[in-house]
1. Mind checking the log10 I(q)/I(0) for the range 127-254 at q = 0.12, 0.20 Å⁻¹? Debye, one equal scatterer per Cα, no solvent, two decimals.
2. Describe numerically, in nm with one decimal, the distance between label points set 7 Å from Cα along Cα→Cβ at Arg91 and at Ala177.
3. For a label point 7 Å from the Cα of His196 along Cα→C-beta, name the residues of the range 253-290 whose backbone N is under 18 Å from it.
4. At a Förster distance of 56 Å, what's the computed FRET efficiency of Thr252 paired with Ser22, Cβ-Cβ distance as r, to 0.05?
5. In units of 2.2 N^0.38 Å, what is the alpha-carbon radius of gyration of the chain?
6. With θ taken as phi - 60° and the coefficients 6.51, -1.76 and 1.60, list the Karplus ³J(HN,Hα) couplings across the range 122-139 in order, rounded to whole Hz; mark glycine and proline as x.
7. How compact is the range 171-237 by the rule of thumb for globular proteins, expressed as Cα Rg over 2.2 N^0.38 Å?
8. Which one of Phe36, Phe217, Phe106 has the biggest mean-square fluctuation once the chain is modelled by GNM with Cα springs under 10 Å?
Amino acid sequence: MDEAGTDPHRLDLTRLVPWLRSHVPGTAGAIEAHKFAGGQSNPTYALLVDGIPRFALRKKPPGALLPSAHAIEREYRVTDALKGGAVPVARPLALCEDPDIVGTPFFVMEHVTGRNFWDARLPELEPADRAAIYDEMNRVLAALHAVDPAAVGLGDFGRPGNYFARQIARWTKQYRASEIEPIAAMDRLIEWLPAHDPGLEGLAIVHGDYRNDNLIFDAREPRILAVLDWELATLGHPLADLAQHMMAWRVTAEGYRGLSDTDLATAGLPSERAYLDRYWKRRGLAPVDSAVWSFALAFAMFRNAGIRQGVLKRALQGNASSDMAARHGARAGEIAMLGWRIACGEADAHL
């Protein structure tokens with residue numbers, strides 16, 4: 001963590017402290033804020049009370065933002081709906097939509113202490129422990145997709161039907177709004193994806209960025225304590241969420257923190273096929289055919305490239321959340337090309 005006072009996204013406590021004391025129980029002591037390292041989108045801070053991490057604050061970044069991006073209010077709503085259920089979350093405590101408190105809207109949640117794995121290869125663990133961590137990731141994602149949105153008050157959290165078509169249109173618009181120079185592979189995917197949409201129907205709560213570094217694990221057990229970063233959550237098709245999560249198997253460790261250049265069997269990590277099969281078994285569903293899976297993966301790459309392009313645009317405007325944002329965003333073209341290779345049916349489409 002970087003101290004908030006030295007971070008370009010410094011959190012001003014002048015108005016925040018009085019607000020916390022009137023909205024969040026347990027904030028009567030001396031309060032400090034420390035920004036978590038990393039993060040390309042919504043800055044997140046640990047709030048210490050008398051030197052002890054007690055809460056976390058997540059806010060929109062400053063500056064001009066793309067429409068519908070950085071949806072702090074939606075993050076608060078989905079985690080509030082899921083708290084205490086089958087999908088572990090950091091319990092949300094209070095939402096502030098007044099930009100005058102810290103400059104942009106924010107919400108406060110409980111601070112969850114545990115392990116966070118930034119490297120998908122889990123180099124600090126033994127092979128058996130790596131296998132257990134991946135099985136737990138698989139289990140929780142399947143549990144999320146099994147939640148009935150209406151039963152937890154999220155029946156109107158997204159529009160029903162035509163999920164892929166709507167998402168392709170949305171991310172095309174977002175990409176065009178962030179476009180700096182043409183990316184040929186993105187232009188090809190923008191044409192190819194609508195023409196090859198399999199028209200899948202299915203409605204679930206989708207996280208939108210489910211990966212190892214957005215999860216907090218128990219300090220000793222292979223058990224997820226909290227799924228973090230719900231900014232992109234909505235109601236949609238679970239296959240899109242699964243494909244986004246499984247991009248890791250198609251990209252390298254260097255530059256992408258992926259698995260494509262890792263000896264999975266030796267490392268104790270599941271293959272793409274084994275992980276997929278485990279998910280389908282947990283959901284009690286038949287696997288989709290290879291063409292549909294390729295479409296979902298190509299869509300995931302297209303969406304990720306669009307996100308990266310937005311990160312790059314914010315970096316150039318000076319309001320991205322991480323100093324790594326420019327490097328992160330500049331890889332949009334490489335991810336788009338991988339998506340196009342998958343769309344073209346290349347047998348070994350990996351980075």
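Read the figures in this text as sums done on the coordinates, not as results from a lab. Source: prediction; values computed, not measured. Positions of Cβ are backbone-derived with ideal geometry, glycine not excepted, and every protein chain shown enters the neighbour counts.
1. These q points yield log10 I(q)/I(0) values of -0.57, -1.25.
2. 3.5 nm
3. 288-290
4. Working: r = 49 Å, r/R0 = 0.87.
Using R0 = 56 Å, I get an efficiency of 0.70.
5. Numbers: Rg = 19.9 Å, N = 351, 2.2 N^0.38 = 20.4 Å.
Normalised Cα radius of gyration, the chain: 0.97.
6. 6, x, 7, 10, 7, x, 5, 6, 4, 4, 5, 5, 5, 5, 5, 4, 4, 4
7. Relative to the rule-of-thumb radius for its length, the range 171-237 sits at 1.56.
8. Looking only at Phe36, Phe217, Phe106, the biggest GNM fluctuation is shown by Phe36.
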